[in-house]
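Colleague: The structure that follows is given in the form of structure tokens.
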Amino acid sequence: MKNLKQFAVVFSLLVVVVFLSAGQAVAQGGVMEGVKSAMKAGSSKDLARNFSNVVELTLNGKEATSYSNTQAEFVMKNFFSKNTPVDFTYTHKGSSDKGQEYAIGSFTSKGGNYTVLVRTKDSKIQSMNFIKD
């Protein structure tokens, strides 16, 4: 009887760990999909839902600047108003050994084309780099 209780506890803990791990993987994939749909729509509000507390943005080859998530939302709103989106697709996705997820995408707008590098950690956007093609 005692062995059965121990088995049940160990099994329950194992199930919890598996579900938490699966949820983490889905959440990370969800961030990149959220970025993709927000970029296609030109929605700074939807994009900001995925920002960490501090976001580093690099636009048009200028020096990277760190913003609060609220400031970054306004910067992206301004960017989208000048670069009305046409399409956004990923050309590469990956992750580091330290748990950072990254993606390289192609942003097509009426104002020109950009290569976009997105880096996330803990399912939140840490930085976005827009390089005009």
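Colleague: So, A103, is that one out of contact with any Gly (no Cβ under 9 Å at 6 or more places or on another chain) and among the aliphatic types (A, V, I, L, M) or not?
Modeller: no
Colleague: Tell me which of these Y67 doesn't satisfy, since it passes every other one: (1) under 18 Å from E33 (Cα atoms); (2) surrounded by 15 or more Cβ atoms within 10 Å (Cβ to Cβ); (3) modelled with pLDDT of 95 or more; (4) of a type in the set (S, T, Y).
Modeller: (1)
Colleague: Given the criteria over 16 Å from the mean Cα position of the chain (by Cα) and either without any contact (Cβ under 8 Å) to a residue 40 or more places away in the chain or surrounded by fewer than 17 Cβ atoms within 10 Å (Cβ to Cβ) (or both), does D46 qualify?
Modeller: no
Quick grid of which residues meet (1) among the β-branched types (V, I, T); (2) over 21 Å from S44 (Cα atoms); (3) over 15 Å from the mean Cα position of the chain (by Cα):
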site: D97; (1), (2), (3): no, yes, yes
site: E101; (1), (2), (3): no, no, no
site: K110; (1), (2), (3): no, no, yes
site: N113; (1), (2), (3): no, no, yes
site: R119; (1), (2), (3): no, no, no
site: D122; (1), (2), (3): no, no, no
site: I125; (1), (2), (3): yes, no, no
site: N129; (1), (2), (3): no, no, no
site: D133; (1), (2), (3): no, yes, yes
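Colleague: Looking only at the range 97-133, count every residue that is under 16 Å from V31 (Cα atoms) and either in contact with a Pro (Cβ under 7 Å, 6 or more places away or on another chain) or surrounded by fewer than 13 Cβ atoms within 10 Å (Cβ to Cβ) (or both) and tell me the total. Can you show your working first?
Modeller: To start, the set of residues in the range 97-133 that are under 16 Å from V31 (Cα atoms) comprises 99-105, 116-128.
Imposing the further condition that a residue be either in contact with a Pro (Cβ under 7 Å, 6 or more places away or on another chain) or surrounded by fewer than 13 Cβ atoms within 10 Å (Cβ to Cβ) (or both) reduces the set to 99.
Residues in the range 97-133 being under 16 Å from V31 (Cα atoms) and either in contact with a Pro (Cβ under 7 Å, 6 or more places away or on another chain) or surrounded by fewer than 13 Cβ atoms within 10 Å (Cβ to Cβ) (or both): 1 in total.
Colleague: Looking at the range 89-113 only, could you name the residues that are farther than 14 Å from M128 by Cβ and outside any strand (DSSP E or B)?
Modeller: If the condition is that a residue be farther than 14 Å from M128 by Cβ and outside any strand (DSSP E or B), then S96, D97, K98, G99, K110, G111 are the ones that fit.
Colleague: Taking V31 as the residue in question, decide whether it is at pLDDT 90 or above, within 18 Å of V118 (Cβ to Cβ), crowded, with 16+ Cβ neighbours inside 10 Å and in contact with a Ser or Thr (Cβ under 7 Å, 6 or more places away or on another chain).
Modeller: yes
Colleague: If only one of V75, V118, V55, V86 is in a helix (DSSP H, G or I) and either in contact (Cβ under 8 Å) with a residue 40 or more places away in the chain or farther than 15 Å from G34 by Cβ (or both), which one is it?
Modeller: V75
The values are calculated or read from the model by the stated rules, or taken from the named source; none is laboratory data. These numbers were taken from a predicted model, which means no experiment stands behind them. No Cβ is skipped: glycine too gets one built from the backbone with ideal geometry, and neighbour counts run over all protein chains shown.
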